[in-house]
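Taking it in order: structure first as structure tokens, then the write-up.
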Amino acid sequence: MADPSRFSSSPLARHNAPFTILIILAGTALTWFTLTHGVFGRSTADQDVAAAVTTQAPALQPIASAGEPVDEITTTSATAPAVAVLPLKGLSTEVLLEGLAQPSFATSAPGDDRIYIIERGGRVLIFDPATGTLNPDPYLDVAHKTNANTGIELGLLGLAFHPDFVENGRLFIYYTDKSDNTAVAEYARLDSETVDPTSERIFVSVERRGVRHNAGMLQFGPDGYLYIAIGDGGLFEEFGQDPSQFLGTILRLDMNSGDPYGVPDDNPFFTGGGAPEVWAYGLRNPWRFAIDRASNTIFIGDVGQADAEEVNAVALEPVGYNFGWPVMEGFACWLPRDDCDTTDKVLPVTAYAHDDGCSVTGGYVYRGSQIPEFYGHYFYADWCLGWVRSFEFTDGGILNPRDWTEDMGSLGQVTSFGLDPDGELIYTTFEGVLGRIIPER
């Protein structure tokens, strides 16, 4: 039987000594190289930075309380961008511009790094966030066409750029005219700094008998169609539940066909029962809505009457929603006050009473990169109290509702939210501010 000591695995066995010395020397050299250069030639500090950069955005979760950082960053396989982040302490705001004349909306255009601001009086202005400069001359001026001087719900209220704006230069505005009627018009770009003032083509005109509840939001959906919010005009008893006319509705138009437009053949009343242009009805004053392309969902901030402000959220398809006004306001009956017929009425996903605010300003679902902790959360505000709130919309309900008052304070009379060229949340106030929501880290 062989001596087992001959096959000893101990590196100190006499017959293994030469190999052991080589292994020790090689290990020592490798250790020295790793400590001084890092794996593959990078320092250990470089490795930490690289790991942070390649970490996916944190999963959708709220901050426990204002000023308290998220304890643990987890990953998500959602479409949130991968960014390097420090723990989020809260959200704050950054004033980009002051001294505007009652701005009512701000947005960006395809292929452009600038922000387009509309003032209620009738001007469209261009602001360059990279340089902090505002073009001295308006991009478009329709002040001579509007009745903005007769009421705060009147004037230039909406702006949207065609998805192929870079190629075709088409843009669309919503304003109330000298006769107090609604005009939705198309214009053509003249150059990068100017719109051709002679190119106006009004393609929707709505006669009104009142001057309130004009809504005014315009946005193209992922289906390529233009969605237009038109309020009930203040005469809710007549129009809220009548889809055969435009008041109190959201229209859905094909601006790439027809004269002056085409009507999608899957609109709910395309074959009858209502105006073929109407996509949804039963709305009071849907001042601001936003279509979230990632989830194919529309979020509608509908300004209330006496008791409640509401936010609705529904899939873009199917179509033909009845949001209930004036039969319902928020979750409650309005006309009549008791035992109203709620059949086929779409209830809001959230609502708040008038002791908590007075006029909802609908916002956007956040899809930017600077606040990945709240990627996919919807932000909205109240015009009277100036607070900002957010929530996640999942499976028809809301998760992780958050009030940001402790972080942001009151923003003033928030007239609108918008998205800058990077998809970050911007906002405008009646007091003349263009601002941006930013993370505190």
TODO: Give the calculated FRET efficiency between ASP338 and ASP113 to the nearest 0.05, with a Förster radius of 45 Å applied to their Cβ-Cβ distance.
DONE: 0.25
Open item on the list: Quick check: from the Cα gyration tensor, does region 319-441 come out rounded (a/c under 1.5), prolate or oblate?
Closed with: prolate
Open item on the list: Can you return the aspartates and glutamates within cross-link range of LYS178? Criterion is Cα-Cα under 17 Å, with same-chain partners fewer than 8 residues away left out.
Closed with: GLU119, ASP141, GLU153, GLU200, GLU207
- [ ] Kindly rank 370-381, 268-279 from highest to lowest mean number of other beta carbons found within 10 Å of each residue.
- [x] 370-381, 268-279
- [ ] Work out the length of the dipole vector of region 164-239 about its Cα centre, built from +1 on the beta-carbon of each Lys and Arg and -1 on the beta-carbon of each Asp and Glu, and round it to the nearest 20 debye.
- [x] 200 debye
Task: From phi via Karplus (6.51, -1.76, 1.60), per-residue ³J(HN,Hα) for region 200-213 in Hz, x at Gly/Pro - done: 4, 9, 6, 10, 10, 9, 10, 7, 10, 9, x, 10, 10, 6
Task: Karplus (6.51, -1.76, 1.60) ³J(HN,Hα), θ = phi - 60°, over region 145-154, in Hz, Gly and Pro reported as x - done: 9, 9, 10, 4, 6, 9, x, 6, 9, 10
- [ ] Kindly identify region 314-357 as rounded, prolate or oblate by the Cα gyration tensor criterion: order the square roots of the eigenvalues as a ≥ b ≥ c, call it rounded if a/c is under 1.5, otherwise compare a/b with b/c, prolate if a/b is larger, else oblate.
- [x] oblate
Task: Additional length obtainable on full extension of the chain from SER369 to ASP265, 0.36 nm per residue less Cα span - done: 33.8 nm
Task: Label-point separation in nm, ILE438 to ASP403, each point 7 Å along Cα→Cβ - done: 2.6 nm
- [ ] Would you work out if region 153-279 is rounded, prolate or oblate? Take a ≥ b ≥ c from the square roots of the eigenvalues of the alpha-carbon gyration tensor; rounded if a/c is under 1.5, else prolate when a/b is larger than b/c, oblate otherwise.
- [x] oblate
- [ ] Obtain the nm distance between the two label points defined at LYS345 and THR150 by a simple spin-label model: each point lies 7 Å from its Cα along the Cα-to-C-beta direction.
- [x] 3.3 nm
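Readers should treat all values here as calculations from the given coordinates under stated rules, not as data from a laboratory. All of these numbers come straight from a predicted model, not from anything done at the bench. Positions of Cβ are generated from backbone atoms using ideal geometry, with glycine treated the same way; all protein chains shown enter the neighbour counts.
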